[in-house]
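Notes follow once the structure below has been shown.
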Amino acid sequence: MRSLSVKRILKIAAGGGCVMLALLLIGVISVPALVSCRAAQTKIQQTLSRSMSRPVSWSGLTVSWLHGLTLSGLKLGDGPPPLLNAAIDSIDIVPGFSRGTDGRLGIDLAVNVRNIMTELAPGPQKPPPPTKDPLTLLAESIQRVQKLDLPLPVDLRVSLEVAPLQLKYRATAPAKSMRLQDFSLRLSMPSLATRPVTAVVNGRLFIAQKELGKIAFSAEIRDLVTPQKRIQLASALFAVDAATPGAGMTISGGLSQPDGFRSRLKLELPVLREMAQPFVPAGTPQLSGNMDLQLLSQIDTKRDLLAALTLAGSGLAARGGALKTKQVGPLDLKLQQQLASNHVTQRVDFPKGTFSVAGLLDAAWSAAVERPSAKNRSLELLFGPLRLDLARTVALAAPFLPPDLPLKDLAGEARLRSLQLKLSGPAYNGSVTVADLGITLPHLRLALKKGELSAQQVAVTLEKVTCPLVTKKPTGITGSLLWSIGRAALAGSQPLALEGARGTLGVNVNELNLKSASPRKITAAADVTHTCDVDRASLGTQLVIEKAHQQLHLLARAAETGGIEASLPELIVSAASLQASQGGKKLKPLPLNASLTAENFHLPYGTAALPSLRRAGATLTAGDFIRLSAEATLSGSAPQRATSTGSAQLDLQRALLFAAPFVPAGLKADGRVSALWNAAAPLPLTVPGAEKHPLKRAKAGLALLESLEMALKLDNVSATFPSTTGAVTLSGLQTKPDLRIVAAKNGQSVSFDGGLLFSGVNGLPNAMGKLPAQHGSLLVAGELSGWNEFHLTESFRMLPLSVSQELDLSVSRIETLFDEKAPFNTATLLKRLDATLFATCDGAFSSDMKQLLPGIDVAGSVSGSARMDVSASRELALRTALTSHEFGLQLANGTQIEGVSSNISINRDYDLAARPGERWTPLSASLVRPAAAADGNSGAADIITRITEDLRGNLHGARSFSIRRVTVSMPSGVPLVLTSLEGDLLFTREKTGLSFLQADLLGGTILARALFDQQPDVPLLAIGSSFSNLDVTHLLPHDIKKRQTPRDAEITGEITLTAPLMPEQRELSEQLRLNLNLRRIGADTLERALFTLDPFERNEQVVAQRNMLRLGTLKGLRATAVDGSFGMEGELLVKGVAINLPRVERLRISELPLRQELSKNRAAIMAVRRLIDQLRADTLLVGSHGKLTLQRRTYEK
């Protein structure tokens, strides 16, 4: 039963198969009939129209198995480019099967296309598909041709005829359209296996309605099929002739023939340019010249393909188009390339490739591709050597260079020893290596704006560069570069010259990723080294550097986060000799060494990223006398903070030796000066603008600093300064404590302090030089608070002169200066500031001062103090004091002052005012402090009774000064001696002078005062004196004194005198007022006085008085001077009878000999007048340029 069911199933299956085969056969036979029906053709036309985006139609379509396919009236309507439209009259395709003469079954195909008319236009450009590299594609094609070996199971017989063909190519510009007319194509392949294959193409070419010529092509291929019925290209014989306008090609032979496969292509570029005009973009230059391409190929006994290619060009040139009137060429070039393909190892070699342009370029290369079609293919390219003549290159490119190109002369060449490229696998992993790539310039000349640059023996060489590749992208770079300049010079006002310069550059980049996920799209780590050496460099006559050296080592990394990190392990700059000059003077040669290091510089990614620096250090050494070192840091968080610390040392002796030509003759110094600093500053977010106001600029500068501390230290410094009288030496200078400047709170608080000690001062000019060596100290301290208040203290001591000085200065309202737009001067400061200055000076004099003041002996102590208060725009108050104790003075002529004790105070208040027209004129202090009423002349009687008004108040206590003894040397040899002097000085705006004076003189006593009345326009001198028992014989020599009668020479009386300070004699004599009352005077003394009034005895009244005095004893005498007239009267006792002296009346003072004495004092009067004008001034007038003037101002009461 089981076998019966299987048989039944097989019968059913066989029956079903026969039915299906019958149905399929019926369907195939009925296809032509179905296609030929109208409905099917309509459906086919609609489908084609949609797919081709254009209307498709035909007039007739018949299909049969016996007569083939006949299509007539085919039209392709207008559509998108590149095919705009087409029309074909008829297409006949007749297939068939038959047996050839050899009895083999073959396929017959006859195609006949009649009357084709089509129109083309440029289509949209599409990006080229990704392909392999050209060498691999070429090698793969060669291997594919070499391995072509296909079986031919049946023979193929084809007949193809296309005629006529009319093709129009429509370019964007009508003048560029191209037309192919009367084209015909005939292909005859009677038997692919046994007979030759021939093809013929003919036609005419038109460009813009102009016929360029005919196009002809004929080809014959024999023995393409071997006797073993296999298709092998290596066994074929070719015979091809082709000709087009401007081109001609011939092909002959076969790869397996003894003469090989030969092809040649000749091109006439001008004709080709015209033929290709519709296809080239506008502005393409016109080409001229000829090219000849020859190819010789052959298969050797091992079936390996060998080929040689030669391309030669002659008279190649380009002009017009984008070049306009410029021209390139003519050039002659030659390219040669050999090829060897091994079909066993699947390796294609391209050896002995060369390219040359006569006199311009020579290059060579070779390449090899292994397994071009396999995934593990590999490629190796070796390019080089290459040589390019730069002078010829510049001459060739001259038409394209700008007219103002600075290059004037150039000679040299560019060279490349080798460029090696290795790639493998589908990802193209490998490496690129460049060796000895560079340029050599024997001479170079450039015309620059600042002068002509000329150079000789310039060489730059990229010694070796290696770059590994992964998927065609570099993953690292390692390279080194060498450069050198034999000599270079830049002309100009300061010519620059360079000799023997050379250097190296090394770069090592690893971990390179050009497709990193980093925000910067790249990650890498770099190690850079650089060295530079210069034998000699000079800048005119101002600077000469010899044996300079620079060395750098830099590490950098671009991280995945986008940040950049860098470190500078080493940067060294040195010079064996650096010599500068100025004004014809030259500094001594100086060796120089400098270094810079930096650690962990970090720059994060982002526009708001802030860089940071862990540490940077620098050192500078100049010779053996300057050394500087500094460190700096920078924070990376906002607000950024930068810090800097450092120190500097200077050896003065060696520094002066270095700068000797610029140092004044005789200036010497030794010792060391050192400085330290420590600063911190926040970095500003914006750069402040330039500020012209000096205070605002200083405040803005200090505001940039968070803190600043600087210290200056002097260590046993000595200096010698030349002077007209000799050398002055200051020795043993040292700071104790060190000088310091401290700024805090972003410049809101600035302070400084320090001290200076010196052990000796020698060689001072004049008599100061005879003093013993002086030593002393100076201390100073100051503080600026809030840019509003400033305080300064200073103290100075000098021994053994025992001189000490101290100063204390306070200034406020400094902030008001920020509103001042005019330049700072004295007027600005007095207008804006409040200030208090207090200064003291003490000195003790001893016998050592004899050398300082030759001919003068000084002893005792003197101290002075001064205080000045300035109220802005209102008042200046001056308070001075001078005290002395047991001060003594002795002159070389014998004059001596002993026991001077004083306590003198001078106080002045001045209004501050600007000149008329200025912006500020304050209220005068005279309105709020009216002048005191003028005192009347108390006369001599007041002095006599000592009931005088003391202008400082009533008589009281100690006087302004007292002198124990004054000895004045006289011409007679008998000194004038004053003892027990006491007095008061008066200094007010109304009166100035001696308000009280008392002394013992000539055995008697004198009491006096002498004041200048400063209230009148013309100052007035008022003198009052009372004297008693003055014995003038004290002034006589001893032998003459014995002949005087007792009391004959004593004088007792009073005198008052007022006189204006006028230099004119007449006005002075008219306003002179004199009252003289002599109670006692010797007759001889009076006669001598009268003699001085009338030495020639011309006045009868004076002569009569003189005669009368000889007869008796004088009892009293009174003299007056009023309105320019002098009068005198008195009483005389003659033999016990009192009689009156003859009166002297209306004696003109201007006629007395006294006027001659007054005229001699004209200059002295003017000097005193100017001094009084300064003393009585009540206003300090400030000019627009800061000039200060003391003036007296008059105000109404």
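The values are calculated or read from the model by the stated rules, or taken from the named source; none is laboratory data. From a predicted model like this one, the values you see are computed outputs, not experimental measurements. Glycine gets a Cβ as well: all are built from the backbone with ideal geometry, and neighbour counts include every protein chain shown.
What to note about this one:
- Residue 301 fulfils the conditions (1) surrounded by fewer than 16 Cβ atoms within 10 Å (Cβ to Cβ); (2) closer than 30 Å to residue 236 by Cα; (3) at pLDDT 80 or above except for a single criterion, (3).
- Filter result for the condition that a residue is at pLDDT below 80 and either basic (Lys, Arg) or under 18 Å from residue 811 (Cβ atoms) (or both), over 912, 878: 912
- The range 395-418: number of residues that are under 29 Å from residue 384 (Cα atoms) and part of a strand (DSSP E or B): 11
- For the range 237-251, the criterion of being at pLDDT below 80 and among the hydrophobic types (A, V, I, L, M, F, W, C) is met by no residue.
- For the range 1001-1023, filtered to residues that are among the small types (Gly, Ala, Ser) and either touching a helix residue (DSSP H, G or I) at 6+ places or on another chain (Cβ under 9 Å) or not in a strand (DSSP E or B) (or both), the residue that is surrounded by the fewest Cβ atoms within 10 Å (Cβ to Cβ) is 1003.
Let's see how each residue does on (1) over 16 Å from residue 335 (Cβ atoms); (2) modelled with pLDDT under 90; (3) in a strand (DSSP E or B):
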| site | (1), (2), (3) |
| --- | --- |
| 345 | yes, yes, no |
| 352 | no, yes, yes |
| 365 | no, yes, yes |
| 372 | yes, yes, no |
| 380 | yes, yes, yes |
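- Failed condition for residue 392, given (1) within 30 Å of residue 458 (Cβ to Cβ); (2) basic (Lys, Arg); (3) assigned to a strand (DSSP E or B): (3)
- In summary, residue 211 fulfils each of the numbered conditions (1) of a type outside the set (A, V, I, L, M, F, W, C); (2) touching a Ser or Thr at 6+ places or on another chain (Cβ under 8 Å); (3) at pLDDT below 85; (4) not in a loop (DSSP other than H, G, I, E, B) with the single exception of condition (2).
- Among all residues of the range 670-690, there is none that is in contact (Cβ under 8 Å) with a residue 60 or more places away in the chain and of a type in the set (A, V, I, L, M).
One line per residue, one yes/no per condition, for (1) in contact (Cβ under 8 Å) with a residue 40 or more places away in the chain; (2) within 58 Å of the chain's Cα centre (by Cα):
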position: 347; (1), (2): no, no
position: 351; (1), (2): no, yes
position: 356; (1), (2): no, yes
position: 360; (1), (2): no, yes
position: 374; (1), (2): no, no
position: 381; (1), (2): yes, yes
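- Of the criteria (1) modelled with pLDDT of 75 or more; (2) closer than 30 Å to residue 344 by Cα; (3) touching a helix residue (DSSP H, G or I) at 6+ places or on another chain (Cβ under 8 Å), which one residue 148 fails: (1)
- Every condition in (1) surrounded by 16 or more Cβ atoms within 10 Å (Cβ to Cβ); (2) at pLDDT below 85; (3) over 30 Å from residue 1175 (Cβ atoms) is met by residue 887 except one, and the failing one is (3).
- Residue 91 β-branched (Val, Ile, Thr) and modelled with pLDDT of 80 or more: yes
- Taking the range 272-298 as the range and being in a loop (DSSP other than H, G, I, E, B) and either more than 27 Å from residue 209 (Cβ to Cβ) or modelled with pLDDT of 75 or more (or both) as the test, only 285 passes.
- Within the range 1106-1197, strands (runs of 3 or more DSSP E) holding 2 or more residues that are modelled with pLDDT under 75, more than 60 Å from the chain's Cα centre (by Cα) and not basic (Lys, Arg): 1113-1122, 1125-1134, 1137-1140, 1144-1148
- Selection within the range 546-557 - over 23 Å from the mean Cα position of the chain (by Cα) and either assigned to a loop (DSSP other than H, G, I, E, B) or under 30 Å from residue 585 (Cβ atoms) (or both): 546, 547, 548, 549
- Residue in the range 230-248 that is without any contact (Cβ under 8 Å) to a residue 60 or more places away in the chain, part of a loop (DSSP other than H, G, I, E, B) and over 24 Å from residue 291 (Cβ atoms) present: yes
- The residue pairs whose first member lies in the range 217-229 and is at positive phi, whose second member is of a type in the set (A, V, I, L, M), and whose beta carbons are closer than 8 Å, counting only pairs six or more residues apart or on different chains, are 223/236; 223/237; 229/152; 229/193.
- Annotation: residue 728 fulfils all but one of (1) at pLDDT below 85; (2) under 24 Å from the mean Cα position of the chain (by Cα); the unmet one is (2).
- Counting the residues of the range 370-400 that are more than 20 Å from residue 442 (Cα to Cα) and buried (at least 17 other Cβ atoms within 10 Å of the Cβ) gives 11.
- Within the range 608-627, residues that are on the phi > 0 side of the Ramachandran plot have Cβ atoms under 6 Å from residues that are buried (at least 17 other Cβ atoms within 10 Å of the Cβ) and assigned to a strand (DSSP E or B) in these pairs: 623/590, counting only partners at least 6 apart in sequence or on another chain.
- Tally, over the range 558-575, of residues that are over 25 Å from the mean Cα position of the chain (by Cα) and either assigned to a strand (DSSP E or B) or crowded, with 17+ Cβ neighbours inside 10 Å (or both): 7
- Total residues in the range 174-216, condition buried (at least 17 other Cβ atoms within 10 Å of the Cβ) and without any contact (Cβ under 8 Å) to a residue 12 or more places away in the chain: 0
- Taken together, 561, 541 contain a single residue that is at pLDDT below 90, on the phi < 0 side of the Ramachandran plot and touching a Pro at 6+ places or on another chain (Cβ under 8 Å), which is 561.
- Residue within the range 966-974 that is within 19 Å of residue 884 (Cβ to Cβ), in a strand (DSSP E or B) and not assigned by TED's automatic domain parsing to the domain that holds residue 1020 present: yes
- Qualifying residue in the range 383-401 (condition: under 29 Å from residue 356 (Cβ atoms), within 36 Å of the chain's Cα centre (by Cα) and of a type in the set (Gly, Ala, Ser)): no
- Test result for residue 550, surrounded by 15 or more Cβ atoms within 10 Å (Cβ to Cβ), more than 19 Å from residue 640 (Cβ to Cβ) and polar (S, T, N, Q): yes
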